[in-house]
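Working notes for the structure below.
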Amino acid sequence: MLYPQTNAARTVVSLDGVWNFRTAGATDYPTEWTDAPLPEPMPMAVPGSYNDQNDETNLRAHYGWVVYQRTVEVPAALLKNSRAVLRFDAATHAADVYLNGEKLGSHKGGFLPFEFDVTDKLKAGSNLLAVAIDNRVNQSTLPVGNEGNVAFFGSDNAGIPSVEAGKQWALEHTPQNMPNFDFFNFAGLNRHVELYITPKSYIADIAVITKSIGGEGEPAVIGYDVTLGGEGAAPADVHVSIVDASGATVAEASGATAGDIEIPAAHLWNPGAAYLYTAVVTLADAGEEVGDEYRQTFGVRTIEVKGRQFLINGKPFYFKGFGKHEDSFFHGRGTDQVLNVKDVSLIHWLGANSFRTSHYPYAENMYDLCDREGIVIIDETPAVGMSWPQYTDKALFEHHSQVIRDMIARDKNHPCVVMWSIANEPWYDQGGEKSENALKYFTPLRDLVHEVDPQGRPATVVCCQNDYTKDLVTRTMDVVCLNRYYGWYNLSGNLDAACYALNVELDFWDEIGKPVMFTEYGADTVEGIHGTHGEMFSEEYQREYFARVDAEFDKRDWIIGEQLWNFADFSTIQGPMRVEGNRKGILTRDRQPKMAAHFLRDRWKAIPDFGYKA
């Protein structure tokens, strides 16, 4: 799916701004709110999570449906002989969309775009747009939750009569989302909303694939595949120009929707040294003039897993970085370009080169920025919180498959994306039939990634702290990705025992014979807590934790990367285990460095992106 852009042939009208907003019921919403002005609305900024935007209403605790509404003014000239599309970059987690009282359709899934052709539904002048959004998560959604439960994080003292009575009262009077995931369930129109206009015959999609490369400045072969839409669009009318970073055209092709183009002296896209080309695709109209146009940026680079190495452009790459979250004060999970630029600046300052989009695909503008800045991304689906009963759920499998297809369709051309993560921390280490069911569930999803990604990037499942001897799934992935908390959630505070236990497990993975990287490891740290002996929650303990664990990684040449948990502190539901959220960030939520950040900066600045253990 192409991102909307304005050029000589296309127009994008942003629908961001302050919308009208109302909370609705736990299980439904008044349909009359979709074709008449909302009664007594409150203002709500889009993009942005609704949860922290109003202090008179406790929107953080809201359970169920909300309704957004605004008018859309459309000039008559904009609709003349054109195609009009209404696009949502995301709506978390399910949405029904109405235009002038007519339901356009529904969408399930909170982190990927969807759109509706409204060519014959928009009218010149004023239009009423209404979006009903459901924030509930359950056993059939991704991420997974327990719908209608009560969100108590921590020990519930099960069995005590008064506590059990309190839980029952809460279920009847204050039902909430109990997530199977450790991040706050920010919801709403978190990303941009756009109306875009194209010609009637249009370019529907573009894929750009690096077929072969030499070294820097040597010839490279690029494949392209263009999908056309609308009546009268013909392959013979397609023209593709490859434009370099200076704006010069370096190669061209015409008359086909697919083919190969040679770039005679190609510049490679490398981590930390990004170079972007643009494929300018035009579709001529019957008068031999340009009808439609789209400009798709791309990088010339290859990805390969070979033996126990992860190769970018044929060179062994070492991942340095972290898991992140789209999370900030006031915005929640709302798209914020200022925050994106700040985070990328901090990634460079730290000497990092990569991150994982834990635990969902991020907004597209972050990928665009990482393409430009040479930062590597592991792109992850929102399949977090899964457990063994779901591995025989055919409907969930189909939804999971569609999410993978949609994520790859959206992000396929980003050179920064080097690997696809199918899921985060699914439970599948019970052994026997349960583990076999998990293997039957995840194997075809891994194969689906290989089938639908035109660039052939590797696939992984990020594995939680488990009985790795019974885990049949992780070892079958292209890259073994481990989340491990030796020294924090287990063997707490004893780093000697933690390092010993870590090495016991690493001996097991050594025998598997695949590249291994750590995608989570860390320790909660409250900034300002200090101690001469560096006990848990102190800044000294977090620094020592990383120093000790990283030293063990350095002893094994088949460990290809370290992505700690987490880039910055982030919001969770309240509970006795969390002090204003998860505090494992090496930065505070407002992006100030803790002591460990300075240690890691020194370490990562000294580790090259390529050939560290070659």
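Projecting the Cα atoms of T210, A233, P271 onto the dipole axis of the stretch 199-301, where Lys and Arg carry +1 and Asp and Glu carry -1 at the beta carbon, places P271 farthest toward the positive end.
Approximating the spin labels as points 7 Å out from Cα along Cα→Cβ, the S246-to-D225 distance works out to 3.3 nm.
Label reach from S126 (point 7 Å along Cα→C-beta): in the stretch 46-74, amide nitrogens under 16 Å belong to 69-74. Label positions at T532 and V338, each projected 7 Å from the Cα along the C-beta direction, are separated by 4.4 nm. In order along the stretch 237-243, the phi-based Karplus estimate (6.51 cos²θ - 1.76 cosθ + 1.60, θ = phi - 60°) of 3J(HN,Hα) comes to 8, 8, 10, 10, 10, 9, 10 Hz; Gly and Pro are listed as x. Put simply, when 175-187, 205-217 are sorted by average Cβ atoms within 10 angstrom per residue, most first, you get 175-187, 205-217.
Counting only residues at least eight positions apart within a chain, or on another chain, the aspartates and glutamates with an alpha carbon under 17 Å from that of K123 are D35, E73, E102, E194.
For the stretch 68-81, the Karplus equation 6.51 cos²θ - 1.76 cosθ + 1.60, evaluated at θ = phi - 60°, returns couplings of 9, 8, 7, 8, 10, 8, 10, x, 4, 5, 5, 8, 5, 6 Hz by residue, with Gly and Pro reported as x.
Distance from the alpha carbon centroid of the stretch 420-490 to that of the stretch 551-573 works out to 17 angstrom.
Taking R0 as 56 Å, what FRET efficiency do you get between R475 and E102 from their Cβ-Cβ distance, rounded to the nearest 0.05? The pair R475/E102 has a calculated efficiency of 0.65.
Put simply, the amide H of F310, placed in the peptide plane, has neighbours under 5 Å in F317, leaving out anything fewer than 5 places away on its chain.
Apply 1/(1 + (r/R0)^6) to the Cβ-Cβ distance of A165 and E552, taking R0 = 45 Å, and write down the FRET efficiency to the nearest 0.05.
Calculated transfer efficiency: 0.40.
Couplings for the stretch 55-67, taken from phi via the Karplus curve 6.51 cos²θ - 1.76 cosθ + 1.60 with θ = phi - 60°, read 9, 8, 10, 7, 6, 4, 8, 4, 10, x, 8, 9, 10 Hz in order; Gly and Pro are left as x.
Please give the net charge around E252, taking every other residue with its beta carbon less than 13 angstrom from that of E252, where Lys and Arg add +1 and Asp and Glu add -1. Present the calculation step by step, with values, prior to reporting the outcome.
Numbers: positive: none; negative: D244, D260, E262.
Neighbourhood net charge equals -3.
What length, rounded to one decimal in nm, is gained on full extension from E32 through to H348, with 0.36 nm per residue of separation minus their alpha-carbon distance? Please list the in-between numbers first.
Details: separation 316, 0.36 × 316 = 113.76 nm, distance 5.03 nm.
Extra length from E32 to H348 when fully extended: 108.7 nm.
Candidate cross-link partners of K342 among the lysines, defined by an alpha-carbon separation under 17 Å and a same-chain spacing of 8 or more, comprise K324, K594. The modelled label-to-label distance for the pair A497/T71, using points 7 Å beyond Cα in the direction of Cβ, is 6.8 nm.
Here, each number is a calculation from the coordinates, and none is a lab measurement. Please read these numbers as outputs of a predicted model, since none were measured by experiment. Virtual Cβ from ideal backbone geometry, glycine too; neighbours counted across all protein chains shown.
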